[in-house]
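Trainee: The following block contains the structure, expressed as structure tokens.
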Amino acid sequence: MLDNWVVMPTCLPLVLRRCHACASPRFRANGKFRVNAHHKLIDAWLLVLCAGCGRTAKLTVLERMNVRSVPPLLLDRLHANDPSLAAELLQDPVVRRRNRIALDWDGAWRLDTGGTSRSDREVLDVAVRFAAPIPVRPVRLVAEGCGLARADVGRLIAEGRLVSAVRLDGRLSDDFTFTLKR
């Protein structure tokens with residue numbers, strides 16, 4: 001029997017970027033946008049607040065684009081300060097590269113195991129699915145989902161009782177499966 005676990009975001013991740021005012025390394029995204037039009041050209045920024053001093057910084061979303069080339073739905077979402085658009089843009093590698101930022105997902109996700117009891121089964125087959133590309137160590141997910149210490153999970157891997165087609169000691173943000181033999 002295959003169990004399904006889901007790694008789900010609980011809030012927007014912190015943005016890792018140095019503040020020019022207080023040198024704090026973290027910003028909070030609140031889902032607000034600023035849109036500025038100049039004749040036929042448009043600029044749009046995602047606003048983020050410094051976690052240290054509260055100063056606002058702008059992450060470039062659109063830069064000097066012709067208004068007619070911007071999809072109307074995107075423009076409506078920008079004007080409406082759509083929080084789901086903020087989440088999509090923070091996960092977009094083009095936006096992250098353009099603004100030279102990284103994301104800190106600590107405390108911004110949770111593991112949903114379905115709440116079923118697994119202690120009585122001899123073999124546990126689990127499919128882990130990611131609702132968003134959140135980089136997490138599979139060892140941490142297995143430990144949290146099975147109620148084990150990370151050292152115990154490492155021992156199970158070394159003994160060959162925890163197996164997977166992917167490497168379990170690195171970071172993953174893609175779906176994977178594993179088998180645990182007790």
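Trainee: By its C-alpha gyration tensor, with a ≥ b ≥ c as the square roots of the eigenvalues, how is segment 112-182 shaped: rounded for a/c under 1.5, else prolate for a/b larger than b/c, else oblate?
Mentor: Values: a/c = 1.66, a/b = 1.21, b/c = 1.37.
Cα axes put segment 112-182 in the oblate bin.
Trainee: If ligands, DNA and RNA are left out, what is the accessible area of GLU144 with a 1.4 Å probe, given in Å² to the nearest 10?
Mentor: 100 Å²
Trainee: Run through all the Cα pairs of the chain and give the fraction in each 5 Å bin from 0, expressed as whole percent.
Mentor: P(r) over the chain, rounded to whole percents: 1, 7, 14, 16, 13, 11, 10, 9, 7, 5, 3, 1, 0, 0.
Trainee: By the 4.7 Å beta carbon criterion, which cysteine residues of the chain come out unpaired?
Mentor: Cysteines of the chain left without a disulfide-compatible partner: CYS11, CYS146.
Trainee: Taking a cut-off of 12 Å between Cα atoms, list the aspartates and glutamates near LYS58, but don't count ones fewer than 8 places away on the same chain.
Mentor: Partners found: ASP43.
Trainee: Determine the order of ARG129, ARG17 by accessible area, beginning with the largest, at a probe radius of 1.4 Å.
Mentor: Values: ARG129 120, ARG17 60 Å².
Highest to lowest solvent-accessible surface, that is ARG129, ARG17.
Trainee: In square angstrom, rounded to the nearest 10, how much accessible surface does ARG140 have for a 1.4 Å probe?
Mentor: About 80 Å², ignoring ligands and nucleic acids.
Trainee: Antiparallel as a % of all DSSP beta bridges within the chain, to the nearest 5?
Mentor: On the way: 37 of 43 bridges.
Antiparallel bridges: around 85 percent, rounded to the nearest 5.
Trainee: Over the Cα atoms of segment 40-79, what is the Rg over Rh ratio if Rh follows Kirkwood? Could the numbers behind the result be given before it?
Mentor: Details: Rg = 12.6 Å, Rh = 11.3 Å.
Over the Cα atoms of segment 40-79, Rg/Rh equals 1.11.
Trainee: With the cut-off at 1.5 for a/c, could you classify segment 69-143 from its C-alpha gyration tensor as rounded, prolate or oblate? All intermediate terms of the calculation are to be shown ahead of the outcome.
Mentor: Values: a/c = 3.52, a/b = 2.32, b/c = 1.52.
In terms of gyration-tensor shape, prolate.
Trainee: Which value in Å is the Kirkwood Rh of segment 1-73 over different Cα pairs?
Mentor: Working: mean 1/r = 0.0683 Å⁻¹.
Roughly 14.6 Å, rounded to one decimal.
Trainee: I would also like to ask the following. When the helix-only estimate is applied to the chain (DSSP H runs of n ≥ 4, each -39,500 (n - 2.57), divided by the residue count), what is the mean residue ellipticity at 222 nm, nearest 500 deg cm²/dmol?
Mentor: Working: 5 runs with 43 residues, N = 182.
Result for the chain: -6500 deg cm²/dmol, rounded to the nearest 500.
Trainee: Not counting ligands, DNA or RNA, and with a 1.4 Å probe, what is MET65's accessible surface area in Å² rounded to the nearest 10?
Mentor: Rounded to the nearest 10, the figure is 60 Å².
The values are calculated or read from the model by the stated rules, or taken from the named source; none is laboratory data. A quick note: this is a predicted structure, and the numbers were derived from the prediction, not measured. Using ideal geometry, Cβ is built from the backbone for each residue, glycine included, and neighbour counts are taken over all protein chains shown. Protein only, heavy atoms only, side chains kept; ligands, DNA and RNA dropped before computing areas. Shrake-Rupley method; radii C 1.70, N 1.55, O 1.52, S 1.80 Å.
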